[in-house]
Amino acid sequence: MIRKIITADNSESFMNEEVGESYHSHTGGVEEALKKYAVPCKIKELAKTGKIKILDVCFGMGYNSAMAVSVALEENPDCEIEVIGLEYDPDIISRIQEVNPAISFFVHYKQLTPQKLEFKQGKVSVKVLLGDARETAKTLPENYFDAVFFDPFSPKTAPEMWQEAFFAEMYRVMKNSAILATYSCARLGRDNMSKAGLLYDDGPILGRRGPGTIATKWI
Ligand SMILES: C[S@@+](CC[C@H](N)C(=O)[O-])C[C@H]1O[C@@H](n2cnc3c(N)ncnc32)[C@H](O)[C@@H]1O
């Protein structure tokens, strides 16, 4: 049902045959984690403030937040970082043991299993809330996160994740001026971000695909 693939940057990912999509873009999971999430969400700049709170929506194996933690610690080894991941599939969490992406902090993510969904490593804490993100997001505090990594399957296969109600939840939990980043530029997502009060713009382009989207809460 899910089989291992190697993406163009030589990092490992999986193809989900039921969904018909892979967990990372074919251009490369590691590159995507850096260029589509950590960089547009200004993780380096946030690290200078000494404290970062990241929401990793559709956590999967956690490449996106593991990259952000690596970037932040490189900039400021003393930075306090809290990562909350939302993921509903325990199987993909168990696959963390089967991959070794070139992301320095990822070795610590190996502590995560379906039975152990949180760990603390120095000043970094990581916790995965297991369940439908549309429900678990409702339990998160408001005005809390500096950055949101939004990485569901595509709007075509998983339109339920790209609805206004979910973006309204993201808006609620984001701090003012926090940034949400996603790989997709699809109309459905962008329109619903707008309806939820987020201001969007083009995100980075990777390979020959369209741009991603970055959206800000600005009040
Ligand atoms: C494109 S993959 C994300 C890959 C991930 N960012 C990584 O680094 O491995 C999408 C993920 O969303 C999860 N997912 C899909 N629908 C979900 C939902 N309603 N709630 C929580 N997770 C969901 C899938 O199980 C899958 O792991």
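Structure notes:
- Total residues in the range 120-139, condition more than 7 Å from the ligand (Cβ to nearest atom), open to solvent by less than 80 Å² (accessible area, probe 1.4 Å) and under 23 Å from Lys217 (Cα atoms): 2
- In the range 156-168, the residues that are within 12 Å of the ligand (Cβ to nearest atom) and in contact with a helix residue (DSSP H, G or I) (Cβ under 9 Å, 6 or more places away or on another chain): Pro159, Glu160, Met161, Trp162, Gln163, Phe166
- Search result, residues across the range 18-45 that are in contact with a Phe, Trp or Tyr (Cβ under 6 Å, 6 or more places away or on another chain), hydroxyl-bearing (Ser, Thr, Tyr) and over 12 Å from Ala66 (Cβ atoms): Tyr23
- For the range 175-192, residues that are among the aliphatic types (A, V, I, L, M) and open to solvent by less than 10 Å² (accessible area, probe 1.4 Å) total 3.
- Close contacts from the range 8-22, counting a first residue that is at pLDDT below 90 and a second that is within 11 Å of the ligand (Cβ to nearest atom) and open to solvent by less than 50 Å² (accessible area, probe 1.4 Å), with Cβ to Cβ under 8 Å and a gap of 6+ residues or different chains, come to Asp9/Gly29; Asp9/Val30.
- Considering the range 193-214, the residues that are open to solvent by less than 10 Å² (accessible area, probe 1.4 Å) and closer than 17 Å to Cys58 by Cβ include one that is modelled with the lowest pLDDT, namely Gly212.
- Residues located in the range 12-29, provided they are within 12 Å of the chain's Cα centre (by Cα) and open to solvent by less than 20 Å² (accessible area, probe 1.4 Å): His24, Gly29
- Residue check for Arg172: within 14 Å of the ligand (Cβ to nearest atom), surrounded by 15 or more Cβ atoms within 10 Å (Cβ to Cβ) and among the basic types (Lys, Arg): no
- Only a single item in (1) open to solvent by 70 Å² or more (accessible area, probe 1.4 Å); (2) within 14 Å of the ligand (Cβ to nearest atom) is not met by Glu142, and it is number (2).
- Sole residue being within 10 Å of the ligand (Cβ to nearest atom), crowded, with 23+ Cβ neighbours inside 10 Å and either free of Cβ contacts under 8 Å to residues at least 60 places away in the same chain or under 18 Å from Gln121 (Cβ atoms) (or both), chosen from Tyr88, Tyr63, Tyr37: Tyr63
- You will find that of Ile52, Ile96, the residue that is within 14 Å of the ligand (Cβ to nearest atom), of a type outside the set (Phe, Trp, Tyr) and within 18 Å of the chain's Cα centre (by Cα) is Ile96 and no other.
The values are calculated or read from the model by the stated rules, or taken from the named source; none is laboratory data. Quantities reported herein were computed from a predicted structural model and do not represent experimental measurements. Don't worry about glycine lacking a Cβ; one is built from the backbone with ideal geometry, like all the others, and counts go over all protein chains shown. Surface areas here come from the heavy atoms of the whole protein model, side chains and all, with no ligands, DNA or RNA. Shrake-Rupley method; radii C 1.70, N 1.55, O 1.52, S 1.80 Å.
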